[in-house]
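I have placed the structure first, in the form of structure tokens, so that the comments after it can refer back to it.
The values are calculated or read from the model by the stated rules, or taken from the named source; none is laboratory data. Please read all numbers here as calculations on a predicted model, not as lab measurements. Glycine also receives a Cβ, built like all others from the backbone with ideal geometry; neighbour counts cover every protein chain displayed.
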Amino acid sequence: MSEDYQGPERVFSGVQPSGELHLGNYLGALKKFARLQHEKECVFCIVDLHAITVPQDPKRLAEQTRHIAAAYLASGVDPSKALIYNQSDVRAHTELAWYFNCVARTGWLNRMTQFKDKAGKNAEKASVGLYTYPVLQAADILAFKATQVPVGEDQKQHLELSRDIAGKFNRDFNAPGFFPLPEPLIDGPGAKVMSLRDGTKKMSKSDPADASRINLTDDADKIAKKIRKAKTDSGLVPETPDELDGRPDIANLVGIYSALADMSEADVLEQHAGSQFGPFKNALADVAVAAMEPITELMTRYLSAPDEIDRILAEAGDKAAAIADPIVAEVRKIIGFRGA
């Protein structure tokens, strides 16, 4: 963060309400969020404003929003310790995004690779919102003056843009240290979980093959079946982590085992070195079921009580607004708006 920034440390992260959350989301994000809430002040957002950069069914969007909230809660995020709220409930996001649209440069956005990936050959038909998505992302983070953001490798470029926008705002309006320069949090096992059908591709909720991922709503039988059918190669379980190089499918399964069992990869391999993949996958299935079944049960319980989820989101939205609104009010004053 900026050397001039003197405010408190705060973690911000958001999950978009689209598709089924899966094991990769849990190990790469939700499990870490549950740990972080005991270490730092945390603000966790369901970014439904980002979701509408592409067409959405309104009923489905509302259902998906509750699904993400249930996943946060089932994964151990405690609403008495961390905020879990809906982005569209806090107007500071959209207001600050406009101010940042006027600070950010088009050249910066033209370099954003994710827009090119998502728009593909139809860039001219993509929404302006999809193009300016990273600016809204910067507003999400900086509306709370967040100092740290848990991100994957694919989001590092967007976080760098947030830092650029924060720094330029501070300089343009002679407000040194007003916004922090948020830093990434990338550490930890399970940060990148790959497809069960192709160890070279990231596990994804958009993959048409359901067998490629373990959904947080999968029951024990489904989890075990998907693990046992996961792709492997023709060798045996290696003895050391170095021997995982060039073997992406088994490396992925060992990484999942390590993260779910809270063991090092070396310890996992020591237990199963030289084993056929059948017995190894049976052991991994047992570990996965033991770790994920309680989460699935809690997900089911929360999803059966949508009014309770809505209450939690509404209360957290009020608390989030109480943090962000004064920050944006100060932004208006710094810019020089009359009556600010």
Return yes or no: is Thr65 over 13 Å from the mean Cα position of the chain (by Cα), in the same structural domain as Lys118 (by TED's automatic domain parsing) and outside any helix (DSSP H, G or I)? no
Out of the residues in segment 51-81 meeting the condition of being more than 16 Å from Gln16 (Cα to Cα) and touching a Lys or Arg at 6+ places or on another chain (Cβ under 9 Å), tell me which one is surrounded by the fewest Cβ atoms within 10 Å (Cβ to Cβ). Gly76
For Thr217, indicate whether it is β-branched (Val, Ile, Thr), within 23 Å of Glu293 (Cβ to Cβ) and in a loop (DSSP other than H, G, I, E, B). yes
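Conditions tested, residue by residue: (1) over 17 Å from the mean Cα position of the chain (by Cα); (2) within 15 Å of Ile141 (Cα to Cα); (3) among the polar types (S, T, N, Q); (4) not assigned by TED's automatic domain parsing to the domain that holds Leu130.
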position: Ser80; (1), (2), (3), (4): yes, no, yes, no
position: Tyr85; (1), (2), (3), (4): no, yes, no, no
position: Arg91; (1), (2), (3), (4): yes, yes, no, no
position: Thr94; (1), (2), (3), (4): yes, yes, yes, no
position: Trp98; (1), (2), (3), (4): yes, yes, no, no
position: Gly107; (1), (2), (3), (4): yes, no, no, no
position: Lys116; (1), (2), (3), (4): yes, no, no, no
Show me the helices (runs of 4 or more DSSP H) entirely contained within segment 100-214 in which 3 or more residues are at pLDDT 95 or above and buried (at least 18 other Cβ atoms within 10 Å of the Cβ). 133-142, 156-172
Hey, among the residues in segment 28-47 that are under 13 Å from the mean Cα position of the chain (by Cα) and not aliphatic (A, V, I, L, M), which one's nearest to Pro294 (Cα to Cα)? Lys31
